[in-house]
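A.B. asks: Let me give you the structure first, and then I'll get to my questions.
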Amino acid sequence: MSCYGYLRVGPHRYRERFGLSYEDLSPGMRIRHRPAIDVTQRDNQLDSVDLINNAHLHYDSQYAARTEWGTPLTVSTMTVQRFMGMISRSWYRRRRILRIDNLALTAPVRGDDTLRSESEVISVTDLGDRDVGQVQLRINGINRSGAIVARIDCHIELYRAGRHPEDQHGLPVCTDERFCLYHKDVDGVRTEQTGLWYEDLALDETYEHWPPRSLMAYESRQAALRSLEINPRWQDADYRARTGIADEIWEPLVLGAVTALTTRTFGRVVANLGWTDIELPAPVAPDETIRAESTVVGLRASRSRPDQGIATVDTRAYSGDRLVCSYRRNLLLYRRGQGPYAEAGY
């Protein structure tokens, strides 16, 4: 049951869900995790200085040029974070990491590479715990050329079916094939897939995007400053105190965060054709949690692109019961079996 990506909330209404349960596993099960992620030297530099890493091989190119590597190498713990983060859709129901037996770095990683993860179930152990079982995983970190650059052997606690905190609402898993989280490759390995094809959408269906997320004050300040926003209300606490203006999340970031929440259901988008009727009826305060939902209100074939279709979607976002953002959007989506997925290893 865990291989499906939506719960049935009501008629024509679904909520996104993720993660395998303990009962779904057997030794030898392999998963290719998607999407992959690029790492850059800028990521490498920021990780180093943020953590006061004094191994200058990571960010001093003049020094690195005189080593056997020739260029800076990425911080190994940063790449490990990426490899561990990329597995989170399948291992969403992890309670915690118990231990890491081995963390082997088998090849150097440089900036401007693409990294992806694969995982294999080595063993499963019944702990006699009604909530969780123990799973031994091997995680392979792979670069753009297909070479394994890291191996991580770890043990996790994974929730049993029905025991994860999100299972307490009792909503049934929707087992429509269009909602499957994986496809099986010819070698039998499960590959994660994100997003619905154009043909999978139906008029008046509503998707509750999951999980929600909180927006922090530092994210708002950073987004505003990086966009050359000069109004002091977004970055000057003294100004807000003197003027009585409340600390709020910068509105363009709210729009961006809401749109990002929709991308797991609408992950097969070719292009965003634009928004209309954007409303921001209430401000979002720092640390508030926003949740979003989208309703399909229009579907039509693309006249100029036979491999694509256009969906019109109404999205609404809430903080509690308070509407904080709404808009209509036109999306160009791939039809079933189209797009660059096979060539890109997806």
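A.B. asks: What is the calculated FRET efficiency for Thr77 to Ile148, with r their C-beta to C-beta distance and R₀ = 25 Å, to the nearest 0.05?
C.D. replies: E between Thr77 and Ile148, to the nearest 0.05, is 0.90.
A.B. asks: Hey, how many Å between the Cα centroid of the range 36-59 and the Cα centroid of the range 180-195?
C.D. replies: Cα centroid of the range 36-59 versus Cα centroid of the range 180-195: 32 Å apart.
A.B. asks: A further question follows. Just to check I understand the Karplus step: with θ = phi - 60° and J = 6.51 cos²θ - 1.76 cosθ + 1.60, what whole-Hz values come out for the range 295-304, glycine and proline as x?
C.D. replies: For the range 295-304, the Karplus curve yields 10, 7, 10, x, 9, 7, 5, 6, 6, 9 Hz.
A.B. asks: Also, I was wondering about something else. Would you mind checking which residues have amide H under 5 Å from Ser123's amide H? H placed 1.01 Å from N; only 5 or more apart, or other chain.
C.D. replies: Result for Ser123 returns Gln136.
A.B. asks: Loop sites only, by DSSP: take the trypsin sites (Lys or Arg not before Pro) in the chain that have at most 15 other C-beta atoms within 10 Å and name the longest stretch containing none of them.
C.D. replies: Counting at most 15 other Cβ atoms within 10 Å as exposed, the longest clean stretch of the chain is 145-302.
A.B. asks: Moving on to the next point. Quick check for you: with a 1.4 Å probe and neighbouring chains kept, what is the accessible area per residue of the range 30-119, in Å²?
C.D. replies: Ligands and nucleic acids excluded, the result is 54 Å² per residue.
A.B. asks: Ok, one more. Which residues among the range 216-234 fall inside the zone where the amide N is under 13 Å from a point 7 Å beyond the Cα of Arg242, along Cα→Cβ?
C.D. replies: 232-233
A.B. asks: With 33 Å as the cut-off, how large is the P(r) tail for the chain, expressed as percent of Cα-Cα pairs?
C.D. replies: Result for the distance tail: 39 percent.
A.B. asks: How compact is the range 238-304 by the rule of thumb for globular proteins, expressed as Cα Rg over 2.2 N^0.38 Å?
C.D. replies: 1.52
A.B. asks: For Leu127 and Glu68, what does the FRET efficiency come to when R0 = 51 Å and r is the distance between their Cβ atoms, rounded to the nearest 0.05?
C.D. replies: About 0.65, to the nearest 0.05.
A.B. asks: Moving on. Need one number: nm distance between label points at Glu120 and Ala107, each 7 Å from Cα along Cα→Cβ, rounded to one decimal.
C.D. replies: Placing both labels 7 Å along Cα→Cβ, they lie 1.7 nm apart.
A.B. asks: Measure off 7 Å from each Cα along the Cα-to-Cβ vector at Glu219 and Ser302, then give the distance between these two points in nanometres to one decimal.
C.D. replies: The answer from the label model is 3.0 nm.
A.B. asks: Check which residues have an amide H placed less than 5 Å from Leu98's amide H, if you skip close sequence neighbours.
C.D. replies: Those qualifying (amide H under 5 Å, at least 5 residues apart or on another chain) are His155, Ile156, Glu157.
A.B. asks: Contour minus end-to-end for Glu229 and Ala260, with contour as 0.36 nm per residue of separation and end-to-end as the Cα-Cα distance?
C.D. replies: Roughly 9.0 nm would be gained on extension.
A.B. asks: Give the separation of the Cα centroids, the range 252-315 to the range 70-129, in Å.
C.D. replies: 31 Å
A.B. asks: How much of the accessible area of the chain, probe 1.4 Å, is carbon plus sulfur, in whole percent?
C.D. replies: Reported share for carbon and sulfur atoms: 50 percent.
The values are calculated or read from the model by the stated rules, or taken from the named source; none is laboratory data. For clarity, every value in this text was computed on a predicted model and none was experimentally measured. Note: ideal-geometry Cβ built from the backbone for every residue, glycine included; neighbour counts use all protein chains shown. The protein model used for the area step is the full one, side chains on, heavy atoms only, and it has no ligands, DNA or RNA in it. Shrake-Rupley method; radii C 1.70, N 1.55, O 1.52, S 1.80 Å.
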